[in-house]
Structures are given as C-alpha cells and as structure tokens.
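Please treat every number below as a calculation from the coordinates, not as lab data. Since we're looking at a predicted model, the values are computed, not measured. All Cβ positions, even for glycine, are placed from backbone atoms using ideal geometry, and neighbour counts span all protein chains on display.
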Amino acid sequence: VKIPDEAVPLPPFTKLEYGVPFEDLNERFVVSDDTARSLARTYGTPLYVLSEAHFRHRIRRYQAAFKACWPKSTLTYASKANSTLAVLAIAYDEGCLIDVASEGELRAALAAGVPAHFCHLHGNFKKADELRFAIDAGVDQIMVDSFEELACLRQLNRPLPSLMLRLAPGVRPQTNSKISTGQDDTKFGFNIADGSAARAVEECAAHGMPLRGFHAHVGSQLLDPDAQRQAGSLLARFAIDMLHRGIEVQEINVGGGLGVRYLANDAPMEVEAYCQLVVGAVQDALAGTPLMNSTLTQEPGRTLIAECGVTLYTVGPVKTVPTDTGTRTYATVDGGLSDNPRPALYGGVYDVRKIGSAAGAKDFTIAGRHCETDRLFSDVSLPSDLKSGDLLQVLCTGAYNSSMASNYNRFLRPATVLLREDGTDVLVQSRETYDQMFAREINPFKPHASI
Ligand code: LLP
C-alpha cells in the first residue's frame, strides 16, 4: 500500500495549548461566520470541516483520563467513525492504535502511514483473503468473532498475531437498537451466557493459538453508560473464570461507545468520570488476582471525532406548505441523505445554525436534495429571514458522516477540509468528481465518454 502521490506531509502541529486558541476545545467545534464563508467560497458546499485542535485535544484528554485510572492502558481509535487519511494520521501521531473493521479500513490506515502493528482487525465475517492480508501486513491483533474464524485462522497455516476473543456479555444498553451490540441476541462475538465464549477459549488452548485477551463492545452513543460498566465487570469476571481454568490472559478491551452532544442539551458523561466508572468496574472484579497486571484497552470512535466536525450547506428553495394543523416551512439544503444518512437510519438529530445575521426565530424543516420524503432535520429553530443562498452549519458531524457517505441519486461525495490550530485550512479529501464516480462502471452497450 502506497501513500497517495498527492499526499503532502503537514507541518508538525506544535502550538496546541489547553484552554486557549480560538475557542474552548472542550466545547463542540463551531466554525466562525467569516471562516464558513471563506471555506464555502474556496471549496464549495456541502463541505465537511474538521478541527485538528479539537481532535488532538479530545484524544489527549481521553488518554489522560484513562491513564489516571489504569496506568497500563491503551487507547485505540475506532476508524469506522471517520477514516479520512489525515484523521488516521493524527490519531496515530497522538499515540492511538487504530481499530480497523475491514481490509479497506486497514489499507486506509496503512495509506495514512500507520504501521500495521498499530492496527487491530475487527469484523464479524472476515474473509480468508482479508485475514491473510492482515496477517501478512503484520497487524498487532485480530479480534476473533466466530468459531468459523478460528478454524479459518488455523487453516491459513502461518504464524498468528495476538488473538482477542470478542464476547457478547449479555447487557442491553440504552441506545438506538441499531447500534446496540452487547445483548445476547447479537451477531457479534461469542456469547458468554450460552457457554460459547468458554468453548472458544478451550479451542484456542487446545490448538495452541495465541490468545491474548477478551473484548466487548456493547453499543454506541451511550448516554447512560451503565451497560458499559456492566460489560466491564462481566468481561473481567469471565477472565477470572478462565484464570481458574488455568488460562491467564494479558488484555481486556472494553470497546468504545461514549456518547456525544448532538444537541446542546445532550449530556454524555465527562470522559474522566466515564473512565473511572468503566475501569472501576473492571478493577473491582479483578482486585487481588494476577489479572490486575493486564493491559486495559478502550476503542472509542464517535467521542473522539464527532464533535470536532461540522458540515456546511448552502440553502436552496424555502417554501411554506399547508399541513393538517397549520403550515410547515421547508428549507432545502444542497446535501442530505448521501452525506449524512444518520437522521434516516437512526432518527439522528442535529444542531443546525445559520451563518451570519440572525433576525427573529421560526421553525424550519430542513430537507435534502434526494428523491425521498426525507426530513433531514425536523423542527429546527432558525432566523425567520432564512433564504436561498444562505449558509448553514450542522454541528457534530465529524463521526459516521463522511465514512457513511454514499452516491445515492448520483450526488458527489463532499470534500473535507482540516482547520489547523493557527487558523489555516488544508483540503484533506477532495470533492468526488463525476469521472471518479463512473470509473468503476462498464457499460457493455455503449462506451461512455468522459463527462
Ligand atoms: N469498537 C467496535 C468493535 C465497534 O463496533 C464500534 C462501533 C466502536 C468500537 C466505536 O464505537 P463508538 O465509540 O464510535 O460508539 N453508524 C452508527 C454507529 C455504529 C457503531 C459501530 N461500532 C452511527 O452512526 O451511529
């Protein structure tokens, strides 16, 4: 895997100081009006904008919080949240390992300059070729998800990296059911309750496979982290059960999941309290056993990057229509489902702000450009003079937007700009072109010209 030719190394990031530069790094990143206008002029909209200072700060704060409760700790960045190469390079530069959930994500990490031995391979169905590629590249760990995968690993006939068994601890977090994974009824991992997890451990031992530890990820956007506390405790207790059977592991990985502030009133736990809660649960269970020497790992994605990004849109038609109970005003933006599928998929809600002067306030339904009855953001209060040509910024789009973007309706995927701490900006992902979009296609009926 080569770093793309056009990659220009960024100058080192030197001036990050806590609590200073252009805004409070503990708040959600918001683009100033002037910067938004200038970025929209230069790069067009829709545009993803990321703050490097926020991202570095959030990683450092998480690492410090985690280390304070468990010195032998490792922070892994879950790259599915945003695998833009510049983002991966920053996470690595800040000392994170990288969680990759496919060969594609692994190749992205390698292309970003992350050594394979900083990568952990996840996935509930890893194909043999994918496992072979990852092992030959030299990944640090593979999170094994099934008995079939254990068999496949043995059949590959090569020295294996450290294996972590992904476990389903049987806890049900308070979050959207589509991003809840810790319950017994899940496709992920080995169930503790039905004995599968213990059988997987025995199988590793019987075949001399390099079992390093246990992993669980119970869900995402956890605003009530109790499930995470329970999962930590169950994982640790399982590790002790295995110790009693003569198998001592070296690492426990409690996954990611901490929620973020999509809306101003969302109140996820502060990362310091969260680490104390989760680590405390593990500690209570492991106290007095040799497992207190284990490495403890967390692999957050969303909480590290979501609040560091915004999306800029240009407003198009604004129309007021009659409804059963009165009227509704739609403001259309030049993006939608294809750059942010979260409202449609999970009922995701966002904080939407107008760039520039604000007069009065009125409820708008923000709609996208797609041929769907999609209400991108419902009941958003915005200045009543909102009109075509205005710019909007949507906060907290750094995670699961760019990485989940599609070409539905043949819209081009947006560019991403990184705002550096000194206020300069750098394009880190260009807007897709139509040539790129059509490059994969073979039309057997009529050769297509470049458009
Ligand atoms: N580790 C594993 C094994 C995971 O499956 C995930 C997320 C994470 C870590 C990171 O979780 P986080 O800290 O970001 O919550 N597309 C959905 C989110 C899917 C999360 C999948 N797994 C959304 O937009 O809400």
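Out of curiosity, is Val278 away from the ligand (no atom under 16 Å from the Cβ), among the hydrophobic types (A, V, I, L, M, F, W, C) and over 19 Å from the mean Cα position of the chain (by Cα)?
No; evaluated as a whole, the condition is false for this residue.
Does Ala108 satisfy being among the hydrophobic types (A, V, I, L, M, F, W, C) and within 16 Å of the ligand (Cβ to nearest atom)?
yes
Give the number of residues within segment 63-102 that are touching a residue at least 24 places away in the same chain (Cβ under 8 Å), touching a strand residue (DSSP E or B) at 6+ places or on another chain (Cβ under 6 Å), of a type outside the set (A, V, I, L, M, F, W, C) and surrounded by fewer than 24 Cβ atoms within 10 Å (Cβ to Cβ).
Counting residues in segment 63-102 that are touching a residue at least 24 places away in the same chain (Cβ under 8 Å), touching a strand residue (DSSP E or B) at 6+ places or on another chain (Cβ under 6 Å), of a type outside the set (A, V, I, L, M, F, W, C) and surrounded by fewer than 24 Cβ atoms within 10 Å (Cβ to Cβ) gives 5.
Please determine whether any residue of segment 354-364 is farther than 25 Å from Tyr262 by Cβ and in contact (Cβ under 8 Å) with a residue 60 or more places away in the chain.
No - not one qualifying residue is present in segment 354-364.
For segment 119-132, give me each residue that is buried (at least 18 other Cβ atoms within 10 Å of the Cβ) and of a type outside the set (A, V, I, L, M).
Cys119, His120, His122, Gly123, Lys126
Let me spell it out: the conditions are (1) surrounded by 13 or more Cβ atoms within 10 Å (Cβ to Cβ); (2) away from the ligand (no atom under 16 Å from the Cβ), and Gly189 meets all of them except one. Which number is the exception?
Every condition holds for Gly189 apart from (2).
Taking segment 216-256 on its own, how many of its residues are buried (at least 24 other Cβ atoms within 10 Å of the Cβ), part of a loop (DSSP other than H, G, I, E, B) and either away from the ligand (no atom under 16 Å from the Cβ) or touching a residue at least 60 places away in the same chain (Cβ under 8 Å) (or both)?
Counting residues in segment 216-256 that are buried (at least 24 other Cβ atoms within 10 Å of the Cβ), part of a loop (DSSP other than H, G, I, E, B) and either away from the ligand (no atom under 16 Å from the Cβ) or touching a residue at least 60 places away in the same chain (Cβ under 8 Å) (or both) gives 4.
If we keep just the residues of segment 302-319 that are surrounded by 24 or more Cβ atoms within 10 Å (Cβ to Cβ) and not in a helix (DSSP H, G or I), which is nearest to the chain's Cα centre (by Cα)?
Among those residues, the one meeting the criterion is Gly309.
Every residue in segment 310-356 that is under 26 Å from Asn407 (Cβ atoms), of a type in the set (D, E, K, R) and more than 16 Å from the ligand (Cβ to nearest atom), please. So that I can check it myself, show each step before the final result.
Of all residues in segment 310-356, those under 26 Å from Asn407 (Cβ atoms) come to 310-317, 330-350, 352.
Filter once more, so that each one left must be of a type in the set (D, E, K, R): 334, 339, 342.
Asp334, the sole residue that qualifies.
For segment 50-66, what are the residues that are under 10 Å from Leu304 (Cβ atoms) and among the small types (Gly, Ala, Ser)?
Matches in segment 50-66: none.
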